[in-house]
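The values are calculated or read from the model by the stated rules, or taken from the named source; none is laboratory data. Nothing here was measured: the structure is a model prediction, and the numbers come from that model. Here Cβ is always computed from backbone atoms with ideal geometry, including for glycine, and neighbour counts include all displayed protein chains. Please note that ligands, DNA and RNA were not included when accessible areas were found on the heavy atoms of the full protein model with its side chains. Shrake-Rupley method; radii C 1.70, N 1.55, O 1.52, S 1.80 Å.
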Amino acid sequence: MKKAIVVFILLLICPVAIFAQITLDIKHKKVNELVKLETANKSIPFKIETQYLIGRNVAQPIVYRRKEKDRKLPDLLVYYFPLKTDSSIYEVLYEWDETNFTHQASKHSVDSLQSFIKKYQELLALVKKQFGEGTTTGSLNDLAQTDSGKFDRKDNFSRDSVEVEMYVTLSNKYLKQGNVTITPTQRIRLYVKNSNTNEGSPKLDKQKVIEADKKVKLFLTALAAGNFDEARKYIAKQIASQVTNEQLTALQKEVKDDKWELSTTGVQLTLGNTIWGNLRYRRTDDKAQPPTEILSITIDENYEIMGMRPLKLK
């Protein structure tokens, strides 16, 4: 009988131990409260180089590294985004991704991939318990999809002005063809956002926009000349190797030359609620209002080129 009682107590304690580290109730929370939680968890402050563009009233995140008990999983990084005005929490990101600590992810065994799935299922059960059913895309059932890089699952929840977005991506795909290299990816992210806070309108840094504009113009010059290796130097490092010569040739035909000038700047929302910049260019000899041709360029948090799309006004 005593043994049964002990087992029952352990079953009650384990879920608490697993999820004490996940904070879903962020309304009215101050960043100092959550920093105390990190101290209790014996977390280590972690320095990141990325600059986030979320809103004028949102400070850069305070990041902690927590030791992951399951050795088949990377350590957890926790990002706290406080408001500048009162230090209340705007958003929290929980991230399991080995590329935070190594140059790139390696192929994982089936056991390791199953550890990611188990972790995601645990997180999913926790969120559902507090938020009820959400919306789902993807599946957790076909592990064979990791070889082709098509294993992913995403879930969204919302209640009382708190939004939760979580996803898992598992890929063992490695491909190198010419200048294109695709490397394995194993990642879990869970975002908790207080949508009732006033984050302020996002704003791009003027000096960094000037620097980004210089990179764009160097890119366009290299692209127009057909010097694709040189052009890749001005594309964000995480995607540069994946851009093919065929893609650059198609873009070259659309862009035609490097006679473009910066017209407007703005921001756009990404999947993970991160704000990226948008630079719009017009042809230097196009005086129409609005211009008949536009070159829309997306820049990431580091003000590096992430995407480019020619647009024509009909």
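Roughly to the nearest percent, how much of the accessible area of the chain is carbon and sulfur, given a 1.4 Å probe? Before the final figure, lay out the partial values.
Numbers: 9060 of 17450 Å².
Roughly 52 percent of what the probe reaches on the chain is carbon or sulfur.
Name the long-range amide H neighbours of Val267: under 5 Å, sequence gap of 5 or more, or other chain; modelled H, no Pro or chain starts.
Counting only residues 5 or more places away or on other chains, the set is Asn278.
So, in nm, how far is label Asp285 from label Lys237 when the simple model puts each one 7 Å beyond its Cα toward the Cβ?
So the label points at Asp285 and Lys237 sit 4.0 nm apart.
Two decimals, Cα atoms only, Kirkwood Rh: what is Rg/Rh over region 122-173?
Working: Rg = 12.7 Å, Rh = 11.9 Å.
Here the Rg-to-Rh quotient is 1.07.
Check Leu311: other-chain or 5+ apart residues with amide H under 5 Å from its amide H, H built from backbone geometry?
For Leu311, the qualifying residues are Ile294, Leu295, Ser296.
Could you work out the helix-only [θ] at 222 nm for the chain, with each DSSP H run of four or more residues adding -39,500 (n - 2.57) and the total divided by the number of residues, to the nearest 500 deg cm²/dmol? Don't jump to the answer; show the numbers that get you there.
Values: 7 runs with 89 residues, N = 314.
Only helices count here, giving -9000 deg cm²/dmol.
To the nearest Å, what is the center-to-center distance of region 123-197 and region 40-115, using C-alpha atoms only?
Spelled out, the Cα-based centre of one part sits 15 Å from the other.
Kindly point out which whole DSSP H helices in the chain project their C-alpha atoms 18 angstrom or further along the helix axis while averaging a Kyte-Doolittle hydropathy of 0.5 or above.
Passing helices, by number: 2-19.
Counting heavy atoms of the protein chains only and a 1.4 Å probe, report the per residue accessible area for region 39-90 as a whole number of Å².
Working: 2970 Å² over 52 residues.
Value returned for region 39-90: 57 Å² of accessible area per residue.
List the residues, sorted by chain then number, that are 5 or more residues from Ser158 or on another chain and whose placed amide H is less than 5 Å from its amide H.
Answer set, sorted by chain and number: Val164.
Can you report the principal axis dimensions of the chain using only the alpha carbons, biggest first, rounded to whole angstrom?
Principal-axis extents of the Cα atoms in the chain, largest first: 86, 47, 36 Å.
Before I look further, what does region 92-137 give for accessible area per residue, probe 1.4 Å, in whole square angstrom? Could you put the intermediate results ahead of the total?
Values: 2330 Å² over 46 residues.
Value returned for region 92-137: 51 Å² of accessible area per residue.
If you plug each phi of region 280-296 into the Karplus form 6.51 cos²θ - 1.76 cosθ + 1.60 with θ = phi - 60°, what whole-Hz ³J(HN,Hα) values come out, in order, with x for Gly and Pro?
Here the 3J(HN,Hα) series is 10, 10, 10, 5, 5, 9, 9, 9, 5, 10, x, x, 6, 10, 10, 10, 9 Hz.
With a cut-off of 8 Å between alpha carbons and a minimum separation of six or more residues, what is the relative contact order of region 17-143 in percent?
Contact order relative to length: 19 percent.
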